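Peer 1: Submitted below is the structure of interest, expressed as C-alpha cells.
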Amino acid sequence: GLMEIENDPDHAAVAELVAGLNGAAGIGTYAYVDSGGPVGTDAIKVALIYQPGALTPVGRPAVLDAPGFLDPLGSGEDRNRAALAQTFEDGNGGRFTIVVNHLKSKGSACGERGEGGLQGNCNLTRTQAVRALLDWLATDPTGSGDPDFLVVGDLNSYAQEEPTLELIAGPDGMPGTADDYTDLLQAFVGPGAYTFVFDGMLGYLDHALSSASLTPQVTGATVWHINADEPDILDYDMSF
C-alpha cells in the first residue's frame, strides 16, 4: 500500500515506480492495481502494488470516496483521502482483500471542538472515517465472498488513539469481541514498535490490521525504518 502517489488519471507515476522496481528485481516481479482512473480528487492518492508470482487480482478494485468518509463532519472540504480496496487470490485459491488508507493528518484543523489536545487536530474526523470504512467493508465492496480483510496505510492515529481503537473494535464497535481487528505491529513487533519519531517521541501512525478471520493466517509483520530516525535538518525541507 502506497501513500501520496501522484493522482494522475493514467497512473503514470505508479507505473514508473513499478518499472523501476522491475528494473532492479526482474521484469514482471511487480505490478500495480489499475483503479480505472483517479482515486479521489486530491493531487495525491493511495495505490497498490503486488507480486504477480504470488497473487492474482480478483475482480475490479473498489474506491471508498463517499462524503461520509472523505468529510464525515460535513465541513464542506474533503479531509480524508479516498481508500482503495482490491481482492487477491493465491495459488491455493485463498482470498483476501487489502484496503489502503490515508486519513487526515494532525497538521491542520478541521473545525472540531477540542482540537489540538493529546490526540491532535481532526481526531473526530479520523474516528468517524474509520467507522465509515468498517461499514463499507461489511458490504464486501469488491464482491470477494471472503471475510478476510487487511487494512493498511497512514491512519495519522497512534496505536492508543481513538481512530485506531475504533478500528480494532471491529464492525460491532465493541472491543474484546469475536469480530475485533488485530494490530499486527503490536502483535508481532510489540510495544516498542514505531514508524515515526516526533520531537524525540516514538510511535506509529502507519498500520496493518487484520480482520478476525484473517488474523490466524498472518505469519508475521515488521517495520522497515527507512528514515524514521532521521533528524529534520537532513530532510528535503530547506527551512533549516
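The values are calculated or read from the model by the stated rules, or taken from the named source; none is laboratory data. For clarity, every value in this text was computed on a predicted model and none was experimentally measured. Using ideal geometry, Cβ is built from the backbone for each residue, glycine included, and neighbour counts are taken over all protein chains shown. Side chains are part of the model used for accessible areas, which takes the heavy atoms of the whole protein and leaves out ligands, DNA and RNA. Shrake-Rupley method; radii C 1.70, N 1.55, O 1.52, S 1.80 Å.
Peer 1: From the residues in region 207-240 that are among the polar types (S, T, N, Q) and touching a Ser or Thr at 6+ places or on another chain (Cβ under 6 Å), which one is most open to solvent (accessible area, probe 1.4 Å)? Quick ask: steps written out before the conclusion?
Peer 2: First, pick out the residues of region 207-240 that are among the polar types (S, T, N, Q): 210-211, 213, 215, 217, 219, 222, 227, 239.
In the following step, the residues that additionally are touching a Ser or Thr at 6+ places or on another chain (Cβ under 6 Å) were identified as 210, 215.
Working: 210: 0, 215: 39 Å².
The selected residue is 215.
Peer 1: Tell me the residue from 116, 93, 68, 143 that is in contact with a helix residue (DSSP H, G or I) (Cβ under 9 Å, 6 or more places away or on another chain) and open to solvent by less than 60 Å² (accessible area, probe 1.4 Å), please. Talk me through it step by step, then tell me what you get.
Peer 2: Numbers: 116 fails: in contact with a helix residue (DSSP H, G or I) (Cβ under 9 Å, 6 or more places away or on another chain); 93 fails: in contact with a helix residue (DSSP H, G or I) (Cβ under 9 Å, 6 or more places away or on another chain); 143 fails: in contact with a helix residue (DSSP H, G or I) (Cβ under 9 Å, 6 or more places away or on another chain).
Criteria check complete, one pass: 68.
Peer 1: Any idea how many residues of region 171-229 are over 18 Å from residue 133 (Cα atoms) and either touching a Pro at 6+ places or on another chain (Cβ under 8 Å) or free of Cβ contacts under 8 Å to residues at least 60 places away in the same chain (or both)? Spell out how you get there, then give the answer.
Peer 2: First, the residues of region 171-229 that are over 18 Å from residue 133 (Cα atoms): 176-178, 184-204, 215-229.
From the residues that got through so far, the ones that are either touching a Pro at 6+ places or on another chain (Cβ under 8 Å) or free of Cβ contacts under 8 Å to residues at least 60 places away in the same chain (or both) too are 176-178, 184-204, 215-216, 218-229.
Residues flagged as over 18 Å from residue 133 (Cα atoms) and either touching a Pro at 6+ places or on another chain (Cβ under 8 Å) or free of Cβ contacts under 8 Å to residues at least 60 places away in the same chain (or both) within region 171-229 amount to 38.
Peer 1: Cβ-Cβ below 9 Å, separation at least six or inter-chain, first residue in region 40-66 and in contact (Cβ under 8 Å) with a residue 12 or more places away in the chain and among the hydroxyl-bearing types (Ser, Thr, Tyr), second open to solvent by less than 40 Å² (accessible area, probe 1.4 Å) and part of a loop (DSSP other than H, G, I, E, B): which pairs?
Peer 2: 41/7; 50/33
Peer 1: Looking at (1) open to solvent by 20 Å² or more (accessible area, probe 1.4 Å); (2) closer than 17 Å to residue 210 by Cβ; (3) charged (D, E, K, R), can you tell me which one residue 148 breaks?
Peer 2: It fails just one condition, (1).
Peer 1: Now for a different question. Could you tell me which numbered condition residue 151 fails, if it satisfies all but one of (1) hydrophobic (A, V, I, L, M, F, W, C); (2) closer than 19 Å to residue 86 by Cα; (3) out of contact with any Leu (no Cβ under 8 Å at 6 or more places or on another chain)?
Peer 2: Answer for residue 151: the failing condition is (3).
Peer 1: Which condition from (1) touching a helix residue (DSSP H, G or I) at 6+ places or on another chain (Cβ under 9 Å); (2) loosely packed, with under 10 Cβ neighbours inside 10 Å is the one that residue 204 breaks?
Peer 2: (2)
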